[in-house]
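Q: Dropping the structure in here first, questions after.
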Amino acid sequence: MSAKNQQPGTGGNVYVPYGSRTGNESIVYFTRDLSAQGLSRIYGRISGNVCGRVAVKLHTGEKNGPNIIPRPWVRHLIETRLPGAAIVETNSYYEGDRYTTELHRETLVVNGWTFAPVDILDEEGVADLPVRGGKWFDHMSVGSHLTKYDSLVALTHFKGHTQGGFGGSNKNIGIGCADGRIGKAMIHTTPGQDNMWDIAKEEFMERMTESTKATVDHFGKRAVFINVMRNMSVSCDCEGCAAMPVVTPNVGIVASTDILAADQASVDLIYAMSENDRSALKERIETRHGLRQLSYMKELGMGNDKYLLVDVDNGDAVITCEKAVEGVVPFSY
């Protein structure tokens, strides 16, 4: 589908309060337990349909990146809950530590991702997945190995993002499963444009979300989504050691079988903080019009922006985001 004459949506810098949302509610599980045990426990609440050959999609980071999900947590999850699963990644669009498969594998060793198989999905080429109902694409180019898996666990370090405003499950899948040369170019760059990053704001959010939809539709009910809200810089893990300092408090972990509900709850938890605690990340989200990720997921029928937040630390009580972030401790190294 040609992108010419397409008009992006608006409102990506405008936060929609919970009371103004419509539609059904999904379940989002929440724990404050930022540990290997906390991650394993909350995964157990959403794992019912995960079976067969499992891909664990996470951002393994540039060399020595300080904010990625701790390797021991992921190792514990795979060894106790997902034996035989593979970590999956794709090569980067930009030149850096993960630009080629060879460089990428060197970086994986440096960062300690040596305890489980790591499948670089685009190592041997690409596959096209259909985008149903998209306005920018009718297909998305992904790493060809993605089609070898039966189930997808999106294990995401929730944080800010230079282009996307925030990086949640949508970004982890939409950018992270698109292959490094074709798919990522489809999302980031207008054909024939010299600036490889010329697409931004609402249009970028929509393109990225359509890429995510291709993968999520492919796996159907065998996809689950976990956002780890820890070490949340306004920078993505793709910036490695150059990431901006972390100033947002750690919150916990959210998990759902609904990708929109998982990302919406994560954003809501940020907005529920005090202005001082949330200001840096809120500013990053809004200036990049990152909230369009959420509204476009809803328009594409990818999930619900209303949800019940279930506190697994306290007898599965249903709580508000304001209750969840009570007493969060300002971040310090």
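Q: Restricting the first residue to segment 263-290 and requiring it to be within 21 Å of residue 309 (Cβ to Cβ), which pairs with a second residue that is outside any loop (DSSP other than H, G, I, E, B) and among the hydroxyl-bearing types (Ser, Thr, Tyr) meet a Cβ separation below 6 Å and a spacing of at least six or different chains?
A: Taking only residues 6 or more apart or on different chains, the pairs are 263/169; 265/307.
Q: Among (1) of a type outside the set (Val, Ile, Thr); (2) touching a Ser or Thr at 6+ places or on another chain (Cβ under 8 Å); (3) within 23 Å of residue 183 (Cα to Cα); (4) crowded, with 24+ Cβ neighbours inside 10 Å, which single condition is residue 213 missing?
A: Only one criterion in (1) of a type outside the set (Val, Ile, Thr); (2) touching a Ser or Thr at 6+ places or on another chain (Cβ under 8 Å); (3) within 23 Å of residue 183 (Cα to Cα); (4) crowded, with 24+ Cβ neighbours inside 10 Å is unmet by residue 213, namely (2).
Q: Are any residues in segment 303-333 under 27 Å from residue 246 (Cα atoms) and without any contact (Cβ under 8 Å) to a residue 40 or more places away in the chain, and if so, which ones?
A: Across segment 303-333, the qualifying residues are 323, 326, 327, 332.
Q: Can you confirm whether residue 259 is surrounded by fewer than 22 Cβ atoms within 10 Å (Cβ to Cβ), within 20 Å of residue 28 (Cα to Cα) and modelled with pLDDT of 95 or more?
A: It is false that residue 259 is surrounded by fewer than 22 Cβ atoms within 10 Å (Cβ to Cβ), within 20 Å of residue 28 (Cα to Cα) and modelled with pLDDT of 95 or more.
Q: Still on this structure, please answer the following. Which residue, of 20, 35, 47, 26, is without any contact (Cβ under 8 Å) to a residue 60 or more places away in the chain, polar (S, T, N, Q) and surrounded by 13 or more Cβ atoms within 10 Å (Cβ to Cβ)?
A: Going through 20, 35, 47, 26 in turn, just one is without any contact (Cβ under 8 Å) to a residue 60 or more places away in the chain, polar (S, T, N, Q) and surrounded by 13 or more Cβ atoms within 10 Å (Cβ to Cβ): 35.
Q: Is it the case that residue 300 is within 24 Å of residue 32 (Cα to Cα) and surrounded by 19 or more Cβ atoms within 10 Å (Cβ to Cβ)?
A: Against the criterion (within 24 Å of residue 32 (Cα to Cα) and surrounded by 19 or more Cβ atoms within 10 Å (Cβ to Cβ)), residue 300 does not qualify.
Q: Scan segment 252-311 for residues that are part of a helix (DSSP H, G or I) and among the acidic types (Asp, Glu) and jot them down.
A: 263, 268, 275, 277, 283, 286, 299 - these are the residues of segment 252-311 that are part of a helix (DSSP H, G or I) and among the acidic types (Asp, Glu).
Q: Let me confirm something: among 115, 30, which residue is among the aromatic types (Phe, Trp, Tyr), out of contact with any strand residue (DSSP E or B) (no Cβ under 8 Å at 6 or more places or on another chain) and farther than 30 Å from residue 203 by Cα?
A: The match here is 115.
Q: Still on this model: Output the residue which, of all residues in segment 69-100 that are at pLDDT below 95 and farther than 18 Å from residue 177 by Cβ, is surrounded by the most Cβ atoms within 10 Å (Cβ to Cβ).
A: 97
Q: Within segment 125-143, identify whether any single residue is in a strand (DSSP E or B), under 18 Å from the mean Cα position of the chain (by Cα) and of a type in the set (A, V, I, L, M, F, W, C), and answer yes or no.
A: yes
Q: Enumerate the pairs (first residue in segment 188-216 and on the phi > 0 side of the Ramachandran plot; second residue anywhere and in a loop (DSSP other than H, G, I, E, B)) with beta-carbon separation below 8 Å, excluding pairs fewer than 6 apart on the same chain, so at least 6 apart or on different chains.
A: 201/8; 201/12; 201/288; 201/289
Q: Being in a loop (DSSP other than H, G, I, E, B) and either of a type in the set (Val, Ile, Thr) or surrounded by 21 or more Cβ atoms within 10 Å (Cβ to Cβ) (or both) is the filter here; which residues of segment 231-248 pass it?
A: The answer is 231, 232, 233, 234, 235, 236, 243, 246, 247, 248.
Q: Let me ask another. Any idea which residue in segment 144-179 is farthest from residue 48 (Cα to Cα), counting only those that are among the small types (Gly, Ala, Ser) and surrounded by fewer than 24 Cβ atoms within 10 Å (Cβ to Cβ)?
A: Taking the candidates together, the pick is 144.
Q: Which condition number in (1) part of a loop (DSSP other than H, G, I, E, B); (2) in contact with a Gly (Cβ under 9 Å, 6 or more places away or on another chain); (3) among the charged types (D, E, K, R) is the one that residue 326 fails?
A: (2)
Q: How many residues are assigned to a strand (DSSP E or B), among the small types (Gly, Ala, Ser) and over 15 Å from residue 260 (Cα atoms) when one looks only at segment 7-50?
A: Of the residues in segment 7-50, 0 are assigned to a strand (DSSP E or B), among the small types (Gly, Ala, Ser) and over 15 Å from residue 260 (Cα atoms).
The values are calculated or read from the model by the stated rules, or taken from the named source; none is laboratory data. Keep in mind the model is a prediction, meaning the values are calculated, not measured. Reconstructed Cβ throughout: ideal geometry from the backbone, glycine too, with neighbour counts over all protein chains shown.
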